[in-house]
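J.: First, the structure itself, so that you have it in front of you.
Each reported figure results from applying straightforward, stated rules to the coordinates on display, with no laboratory input. Note that the structure is a prediction, hence the values are computed from the model and not measured. Virtual Cβ from ideal backbone geometry, glycine too; neighbours counted across all protein chains shown.
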Amino acid sequence: MKRETLGDLTVFMHVAEQRSFTRAAVRLDISQSAVSHAVRRLEASVGLRLLHRSSRHVSTTDAGEKLLATLRPGFGQIEARLEELRHLGDSPSGRVRLTASKAAAQTLLMPVLSQVVRDYPEIEIELNLDPHLSDLAGDRFDAGVRLGEYVGPDMIAVQVGPPLRMAAVASPGYLATRGVPHHPDDLDAHDCLSLRFSPHAPAYEWEFERGEEEIVKKVAGPFVFSDSGVCIEAARAGHGIAFVTEPEVSQAIEDGSLRRMLADWCPPFDGYHLFYSGRRQVSSALRLVIDRLRYRE
């Protein structure tokens, strides 16, 4: 895009919103003839009339209305980012309210957030540990941290952790008694410890993939938990097989209190992302948290 085209688009948007060449000229602090020239140049560039003009009235054509609908959110985001930049010189301060799962907080967030509050004593972090997908605006959270697959398309998402793998684990005692599953279908004969992240949602289905083969299992067992940490402890106590993210059980696998199985059926997938609404202003404190948490390979 030519630099002058960006300027012409700005002029067109002001004329279309003000419905007046004169008011747009005053708003932009340029001459009315410069406004008219910019609009004519833009129309010549696209090959379509964008505005209906009369001595008393200015309105958008169908093509002009479509262009205006495209420009509004884009220029709105640019203005929001410029406002953020104006505050970058300020020392970050204030409260940042985050919602995250307990697993994300323990394995990823706390080491970083601990250093943030040490470096910036004026920042206060409120961390809500909830496995449910919270309504950020309704619950007044600044941002949330969830697995990438659960982030809505209307949110701005920033990757804050590496790709993850799931891990099926059980205690050595359980496997000695019940045997080791070598295929996802073998789980039908085992006690599986389920997770349900919302009281009104079905239990989490276990997803496996190897090559071109994909298998989704509805498992059953003696317990259904809402917290993966308690689920892991139940597996360690010999109650069955747990299916959780790999970092949550890496230490237990290393010390031998849990054994892993079906690893070749658990490929990497998108890890944790911090997400927030693009419609609200991002404070300097939240911007700092995002920058510290951002995943860099």
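J.: D for the chain, whole µm²/s, Stokes-Einstein with Kirkwood Rh over alpha-carbon pairs at 4 °C and 1.567 mPa s: what number?
T.: D, rounded to a whole number, is 56 µm²/s.
J.: Roughly what % antiparallel, to the nearest 5, for the DSSP beta bridges in the range 166-265?
T.: Restricted to the range 166-265, the bridges split so that about 75 percent are antiparallel.
J.: Note down the magnitude of the dipole of the range 166-265 about its Cα centre, charges +1 on Lys and Arg C-beta and -1 on Asp and Glu C-beta and zero elsewhere, to the nearest 20 debye.
T.: 400
J.: What is the range 3-64 by shape, rounded, prolate or oblate, if you read a ≥ b ≥ c off the alpha carbon gyration tensor as root eigenvalues and call it rounded for a/c under 1.5, prolate for a/b larger than b/c, and oblate otherwise?
T.: Oblate, because a/c is 1.5 or more while a/b does not exceed b/c.
J.: Only bridges with both residues in the chain count here: give the DSSP antiparallel percent, nearest 5.
T.: If I count the DSSP bridges inside the chain, around 65 percent turn out antiparallel.
J.: Can you tell me how much longer the chain between Ser114 and Glu209 gets when fully stretched, taken as 0.36 nm per residue apart minus their C-alpha distance, in nm with one decimal?
T.: Using 0.36 nm per residue and subtracting the Cα-Cα distance, I get 30.6 nm.
J.: Using per-residue counts of other Cβ atoms within 10 Å, averaged over each peptide, order 200-207, 227-234 from highest down.
T.: 227-234, 200-207
J.: Separate question: Which loop chymotrypsin sites (Phe, Trp or Tyr not before Pro) in the range 224-297, with loop taken from DSSP, have no more than 16 other Cβ atoms within 10 angstrom of their Cβ?
T.: For chymotrypsin sites (Phe, Trp or Tyr not before Pro) across the range 224-297 that sit outside H, G, I, E and B with at most 16 neighbouring Cβ atoms in 10 Å, the list reads Tyr295.
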